[in-house]
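S.K.: Structure below; questions to follow.
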Amino acid sequence: MDCLCEIVGALIALAALAVIVVLVVAHVTAGKVNMERHEQEKHFLNAAGQKQSFPSLKDPSSIELSVVVPAYNEEQRLPVMMEEAMDYLEQRQKKSPSFTYEVIVVDDGSRDKTTQVALHYTEKYGSEKVRVLTLVKNRGKGGAVRMGTLSSRGRLILMADADGATKFCDIEKVENALNQIDPKPENMAISCGSRAHLEQESVAQRSVFRTFLMLGFHFLVWFFCVRGVRDTQCGFKLFTREAALKTFSCLHVERWAFDVELLYIAQVFQIPIAEVAVNWTEIEGSKLVPFWSWLQMGRDLVFIRLRYVTGAWKLQPPLKTD
């Protein structure tokens with residue numbers, strides 16, 4: 001009996017030591033909010049190939065909608081998405097001439113011709129409607145979305161994936177959901193596109209292992225970070241300008257789990273969040289490696305919570321955005 005008590009005591013001590021080690025690692029390895037921009041990243045090329053400076057998110061809005069498209073090695077998939085998006089936006093502007101927009105394609109340090117493909121649309125539509133932000137080095141999807149958002153002019157800001165998995169016309173659904181949020185404290189609100197309604201079908205099509213990973217990820221999101229949002233990872237989210245400034249100014253995570261931190265920040269600041277079902281189709285060419293990407297995101301979820309709990313990260317927006 002004494003031997004059993006000693007074993008139990010040793011296991012409890014080891015578990016406590018493991019928790020302490022994880023807390024220390026989370027705290028020590030916590031990076032700061034990365035708002036630095038290379039000089040090249042402060043400019044875009046207009047249709048004539050001349051350099052112009054990006055505006056700041058802190059400036060007042062000057063157009064209705066900004067669409068931020070993070071793109072990493074997307075020369076093959078980007079044209080399909082851009083054709084669909086530009087067709088919708090141009091048609092909407094014809095119906096309502098007061099509607100103004102821009103699309104900001106953020107090349108996240110691609111090694112292919114993503115920038116050249118995106119610049120084709122600047123040449124076709126002009127730099128008032130399409131701008132290309134080419135990052136000097138790869139930051140990750142969250143970093144790319146943040147840099148594009150900080151360079152936007154819109155009253156509303158939509159993040160949309162370059163693969164075109166979500167039907168672009170579904171912006172009307174997330175926009176309607178955003179408009180229905182009342183009240184909007186300090187005009188802050190977020191509307192998230194959601195694939196949660198497709199979950200039952202996707203479970204039927206996935207292997208048991210991938211379903212286990214998905215459910216495990218959802219549990220970690222709920223347990224550590226975000227409650228009340230069923231699909232945190234859909235890359236189709238609409239922000240008021242004020243909500244974008246508040247959340248992206250505090251964002252630390254620059255890779256796949258950035259959506260979760262973004263929504264965690266929003267909930268801490270009590271920014272209202274709507275969630276609405278959108279049409280979504282899986283597109284070949286995903287950059288996610290099923291096992292390792294889920295493992296990395298799971299680690300990031302745990303660390304997000306621990307870093308805020310230990311005070312390594314604090315929700316105090318930095319003074320500068322460039």
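S.K.: Quick one: if the Förster radius is 25 Å, what FRET efficiency do residue 51 and residue 111 give, using the C-beta to C-beta distance and rounding to 0.05?
M.R.: Numbers: r = 23 Å, r/R0 = 0.93.
Computed FRET efficiency for residue 51 and residue 111 comes out at 0.60.
S.K.: Hey, another quick one. Quick one: Karplus J couplings for segment 129-145, per residue in order, coefficients 6.51, -1.76, 1.60, θ = phi - 60°, nearest Hz, x for Gly and Pro?
M.R.: After applying 6.51 cos²θ - 1.76 cosθ + 1.60, I find 10, 10, 10, 10, 10, 9, 7, 5, 9, 5, 9, x, 4, x, x, 5, 4 Hz.
S.K.: Given H placed on each backbone N at 1.01 Å, which residues far from residue 68 in sequence or on other chains put an amide H within less than 5 Å of it?
M.R.: Under 5 Å from the amide H of residue 68 lie the amide H atoms of 104, 158, 159, 160, each far enough along the sequence or on another chain.
S.K.: Right, here's the next one. When a footprinting reagent is the concern and you count Cβ atoms within 10 Å, what order do 313, 222 take, fewest first? List each step's numbers first, then the result.
M.R.: Working: 313 24, 222 15.
Least crowded to most crowded, the residues run 222, 313.
S.K.: Work out, step by step, the length gained on full extension between residue 196 and residue 169: first 0.36 nm times the residue separation, then minus their alpha carbon distance; give nm to one decimal.
M.R.: Details: separation 27, 0.36 × 27 = 9.72 nm, distance 1.86 nm.
Length difference between fully extended and current span is 7.9 nm.
S.K.: What ranking do 57, 306, 45, 315 get, fewest neighbouring Cβ atoms within 10 angstrom at the top?
M.R.: Working: 57 24, 306 20, 45 17, 315 13.
Fewest-to-most Cβ neighbours within 10 Å comes out as 315, 45, 306, 57.
S.K.: Can you tell me the FRET efficiency between residue 184 and residue 76 if r is taken as the Cβ-Cβ distance and R0 is 25 Å, rounded to the nearest 0.05?
M.R.: Details: r = 39 Å, r/R0 = 1.56.
Plugging the Cβ-Cβ distance into 1/(1 + (r/R0)^6) gives 0.05.
S.K.: Right, next: Give me the distance in nm between label points sitting 7 Å out from Cα along the Cα-to-Cβ direction at residue 314 and residue 222, one decimal.
M.R.: Roughly 3.4 nm, to one decimal.
S.K.: Of the options 193, 222, 44, report the single residue whose Cα projects farthest towards the positive end of the charge dipole of segment 34-309 (beta-carbon charges: Lys, Arg +1; Asp, Glu -1).
M.R.: Going by the Cα projections, it comes out as 222.
S.K.: Step through the table entries 137/237; 58/141; 167/237; 42/167; 42/137; 58/94, compare each Cα-Cα distance with 20 Å, and write down the pairs that go over it. Don't skip to the answer; put the middle values down first.
M.R.: On the way: 137/237 25 Å; 58/141 22 Å; 167/237 13 Å; 42/167 31 Å; 42/137 14 Å; 58/94 29 Å.
Among 137/237; 58/141; 167/237; 42/167; 42/137; 58/94, the Cα-Cα distance tops 20 Å for 137/237; 58/141; 42/167; 58/94.
S.K.: Here is a follow-up. Report the calculated FRET efficiency for residue 58 and residue 84 (r = Cβ-Cβ distance, R0 = 30 Å), to the nearest 0.05.
M.R.: Numbers: r = 31 Å, r/R0 = 1.04.
E(calc), rounded to 0.05, equals 0.45.
S.K.: Still on this structure, please answer the following. Hey, fewest Cβ within 10 Å first, where do 237, 58, 137 land in order?
M.R.: Listed from fewest to most nearby Cβ atoms, that is 137, 58, 237.
S.K.: Consider a paramagnetic label point 7 Å from the Cα of residue 99 along Cα→Cβ; state which residues of segment 68-91 have an amide N under 18 Å from it.
M.R.: 68, 82-91
Any read-out appearing in this document is the output of simple, stated calculations on the displayed coordinates, not a laboratory observation. Because the structure is predicted, anything quoted here is derived from the model rather than measured. With ideal geometry, Cβ positions are generated from the backbone for all residues, glycine too; neighbour counts draw on all protein chains shown.
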